[in-house]
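Before any comments, here is the structure.
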Amino acid sequence: MKTILLLFFAVALWGQKTGLVIPLRHIKSNFAAQIAVAFGDGKVQVQNFADTPNLVLSGPPELLAVIESAIKKADVPSAPAPNVEITFYILAGGEGAIGGPLPEELSGVARQVKGLLGMTALKMVESIQIRSRAGQGAEASGVMGKSAGNPSLYQLRFREVLVEGETGSRFLRLSGLKFGGRIAAGANYVETGFNTDVDMKDGQKIVIGKSSLDTSGTPYFVVVTGKVVE
């Protein structure tokens with residue numbers, strides 16, 4: 001008889017509900033709530049509040065213990081996103097183009113541009129170096145060339161850079177890359193440029209576009225390269 005009563009009492013305790021508040025340090029409450037729902041088997045009530053770093057649970061104690069353990073394993077600092085260094089080179093084509101000599105690291109790209117487009121000469125106009133973090137974007141702007149005594153303005157930006165792959169075989173993905181200029185035309189400015197998405201290997205240099213940034217008819221080429229900064 002005592003054994004039956006003890007078993008009945010244990011079953012009654014097993015089915016009881018209790019409450020638990022789990023403080024969160026690193027993960028968001030909606031993610032913790034998803035963990036709780038997954039482990040709760042439909043027997044745990046979950047409340048999360050966007051303005052507080054806590055999760056409130058109600059359910060069988062044995063399930064709450066499992067959920068609390070799972071959330072603690074997930075509630076750890078995430079690995080920091082790597083920094084990415086993106087370099088853009090603006091080149092001008094033609095013998096009459098204004099600019100300086102190309103750096104040695106662009107010799108391979110110069111041969112490609114000259115061969116494909118029949119350029120007899122390429123000159124270095126400007127280089128732009130931007131450091132960003134994986135998952136974020138960046139932008140830069142400046143002044144280049146003259147048009148009827150007025151400066152031509154350029155702007156370069158990308159919405160996001162992603163890093164994929166492991167060390168030695170990484171790819172960089174630039175999304176929403178826009179390069180353009182505002183060419184002075186009398187009292188007004190004319191917008192010019194291009195938009196694109198770019199995939200490239202870590203350290204690879206590629207030509208991503210051609211545009212005109214002044215009224216001289218000089219073709220301008222944009223070369224991009226990027227690397228993960230350890």
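The values are calculated or read from the model by the stated rules, or taken from the named source; none is laboratory data. Computed from a predicted model, the values in this text were never measured in an experiment. No Cβ is skipped: glycine too gets one built from the backbone with ideal geometry, and neighbour counts run over all protein chains shown.
With the requirement that a residue be modelled with pLDDT of 80 or more, of a type outside the set (Gly, Ala, Ser) and farther than 25 Å from Asp202 by Cβ, what does segment 117-151 give you? Result: Lys123, Val125. Taken over segment 82-116, the residue count meeting the criterion of being of a type in the set (Val, Ile, Thr), surrounded by fewer than 19 Cβ atoms within 10 Å (Cβ to Cβ) and modelled with pLDDT of 85 or more is 1.
Kindly check whether there is at least one residue in segment 29-52 that is among the acidic types (Asp, Glu) and modelled with pLDDT of 90 or more. Taking every residue of segment 29-52 in turn, none turns out to be among the acidic types (Asp, Glu) and modelled with pLDDT of 90 or more.
Of the residues Ile67, Ile98, Ile71, the single one that is farther than 30 Å from Arg170 by Cβ, assigned to a loop (DSSP other than H, G, I, E, B) and either over 23 Å from the mean Cα position of the chain (by Cα) or in the same structural domain as Ser175 (by TED's automatic domain parsing) (or both) is Ile98.
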